[in-house]
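One structure below.
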Ligand SMILES: *[C@@H]1O[C@H](CO)[C@@H](O)[C@H](O)[C@H]1NC(C)=O
């Protein structure tokens, strides 16, 4: 119980003071690797915090950062879309989930967005792994 209280107050102090020793700053990068001339449209959200619409060209990067909340429930979803030969590929993906990602990518979570899916850098593997495929497009 005492331990819980101490951790709680340290966390609170860390948030209030902005020191962030218990809730480090995390950066998320999305890199467009869809191919030359292919644009990637991005809209990410955390609860009521809408990061807006962005469009990036091939090899460009979209980036944002934040601190994980004290309860480790920080969660960002992104709607991503792109086009190829008149077909729109679209998906809603969990891009940052503190529960999944605090260990997986720690403070730098970068994603390569490719025609074959979404690849995230995972520390244990020391490489990118595909966490999502694009859903089959609507006809
Ligand atoms: C994604 O799009 C759906 C449907 O248009 C919308 O309801 C949802 O809020 C969007 N999510 C994000 C993360 O932008």
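Bear in mind these aren't lab numbers, they're just calculated from the coordinates by the rules spelled out. Computed from a prediction, not measured in an experiment: that's the story for all the values here. So basically every Cβ, Gly included, is an ideal-geometry build from the backbone, and we count neighbours across all protein chains shown.
The stretch between residue 79 and residue 25, if pulled fully straight at 0.36 nm per residue, gains 17.2 nm over its current Cα-Cα span. Length gained on full extension, residue 59 to residue 133: 24.7 nm, using 0.36 nm per residue less the C-alpha separation.
Extending 7 Å from the Cα toward the beta-carbon at both residue 94 and residue 69 defines two label points whose distance is 1.5 nm.
Each principal axis of the Cα atoms in segment 14-139 has its own extent, and those three values, largest first, are 51, 33, 24 angstrom.
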